[in-house]
Every structure is written in C-alpha cells, then in structure tokens.
1. Once you compute Rg and the Kirkwood Rh from C-alpha atoms, what is the Rg to Rh ratio for segment 72-111?
2. Work out how much length Gln116 to Ser175 would gain on full extension: take 0.36 nm times their residue separation and subtract the Cα-Cα distance, in nm to one decimal.
3. As a test question: what accessible area, to the nearest 10 Å², does Phe210 have when a 1.4 Å probe is rolled over all protein chains in place?
4. Dipole of segment 1-156 (Lys/Arg Cβ +1, Asp/Glu Cβ -1, origin at the Cα centre): which of His130, Leu79, Leu119 lies farthest to the positive side?
5. Please list Met145, Met103, Met48 from largest to smallest accessible area, probe radius 1.4 Å, with all protein chains kept in place.
6. Only Cα pairs within less than 10 Å get springs; with that Gaussian network setup on the chain, which residue of Ala176, Ala168, Ala88 has the largest fluctuation?
7. So for Phe171, Phe204, what's the accessible-area order with a 1.4 Å probe, most first?
8. For the chain, calculate the relative contact order in percent as a whole number, restricting contacts to Cα pairs under 8 Å that are 6 or more residues apart.
Amino acid sequence: MSKTDSVYKMLKSEIVNGSIKPSQNLPEKELSEKYEVSRNTIKKALLMLEKENLVIIEPNKGAKVRAYSLTEVLEYLELRAVLEGFIARSATIHFTQEKLNEMQEILNIMKGHLEQNELLLYSQNNQKFHKVIYDACPNRTAVEMTLALKSQMSKYNMKTILIPGRDAQSFSEHSAILSAIQNKNADLAESLMILHIHNVRKTFSENYSFLF
C-alpha cells in the first residue's frame with residue numbers, strides 16, 4: 001500500500017468515526033507532521049477524499065471536512081430508501097441457505113450486543129447484515145450507488161443507534177427483514193426495508209440537534 005493510500009484510509013476512518021468533525025479544517029502542514037509524510041502526499045489523499053464528497057477543498061483556504069445540512073441528509077435517506085428497497089427485492093430470490101444462515105448469525109450477534117448495551121458494536125454488525133443483502137443483489141449498479149451514498153453519510157449513520165428506543169426498534173426491523181427474505185417474499189422484503197430506512201430518516205428529523 002502506498003503512503004497516499006495509507007493516509008487516505010486513516011483520514012477517512014477518522015472522518016467517518018467522528019474523530020474529525022464536520023467543517024473541521026484539515027491543514028496540510030499539521031497533517032503532514034501528524035502522519036509523518038510529505039505535504040504532497042497529504043494533498044493527494046485530500047483529493048481522493050474530495051472525490052468521495054467527504055472533504056471540500058477551497059482555493060486559497062485549504063481543505064475541510066464536508067458538512068451536511070439536515071435537508072441534505074433527509075434527501076439522501078429518501079433516495080436510499082428506494083435503492084435499498086429495490087436491492088432487498090432483487091436479492092431475495094438469490095439467497096442461498098448458506099447466506100441465510102450467515103444473516104441469522106449476524107442477527108444473533110446483534111441481539112447479544114443489544115442486550116449488553118454495546119450499541120457501537122451493534123451498529124458495526126448492522127452494516128454486516130446489510131452487506132450480505134448487497135452481496136446477493138445481482139444489480140451491482142444499484143449496490144454501488146447505495147454504497148456511495150452511505151459512504152458520504154457514514155459519520156452520521158452510526159449515531160442514530162444512540163437515540164433512546166431506536167436500538168430495540170432497529171433490531172425488530174432487521175428481524176422482520178430477515179424473516180421476509182427467509183420466506184422468499186420479495187414484496188414484503190422491499191416494503192420492510194423501505195420502512196426501516198424511513199424510520200432512520202424519522203430519527204434524524206426528530207433528533208437533529210443531537211446527531212449534528
């Protein structure tokens with residue numbers, strides 16, 4: 001792995017997990033000292049992040065982390081609901097028993113984290129749950145579009161599980177989605193996935209000050 005790729009991944013991780021906040025400046029000199037690389041390497045890494053809409057680079061001002069308004073996040077989730085519903089529908093008939101077992105195991109792990117109030121670990125396995133569905137979907141364009149959207153908003157997505165009551169609701173939604181897929185009910189899987197994302201959207205709308 002090149003130095004540029006390494007710095008890019010480290011910076012992206014810090015942006016996504018919230019260590020580097022929205023609208024925070026990203027001075028090349030400070031970053032080059034922090035990661036012990038040249039400013040040119042930092043510049044290349046920031047350009048990579050700019051292409052993913054995680055960073056904004058302004059002439060004569062430098063780079064800063066991209067921030068999203070509530071309106072933008074709600075619009076993103078509206079679009080994501082349609083895409084994820086389509087993906088769930090398309091994937092349902094392509095699930096093997098092996099993949100169904102994998103999803104059930106992930107759901108069991110999520111339940112354990114929920115019972116132990118390990119919400120960030122729950123959220124990480126939530127992503128794994130969705131990934132199994134993405135992998136089963138034959139329409140790769142829809143999956144790539146969804147992943148691109150999720151990447152831009154990932155620093156906000158993991159926070160929703162911290163809203164009181166959202167954890168139990170989330171688990172119930174994922175359980176219902178898996179049940180629909182197990183029963184090969186593509187229509188129901190689609191509608192439940194859309195409902196799931198709409199509930200995430202509602203959580204953002206009602207808890208704007210906490211999540212942003």
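1. Values: Rg = 13.6 Å, Rh = 11.9 Å.
The Rg/Rh ratio comes out at 1.14.
2. Contour length minus the Cα-Cα distance gives 19.4 nm.
3. 120
4. Leu79
5. Order by accessible area, largest first: Met145, Met48, Met103.
6. Ala168
7. On the way: Phe171 40, Phe204 0 Å².
Ranked from most to least accessible, the order is Phe171, Phe204.
8. 25
The values are calculated or read from the model by the stated rules, or taken from the named source; none is laboratory data. All of these numbers come straight from a predicted model, not from anything done at the bench. In this analysis, Cβ positions are derived from the backbone assuming ideal geometry, glycine residues included, and neighbour counts consider all displayed protein chains. All accessible areas refer to the heavy atoms of the entire protein, side chains included, with ligands and DNA or RNA removed. Shrake-Rupley method; radii C 1.70, N 1.55, O 1.52, S 1.80 Å.
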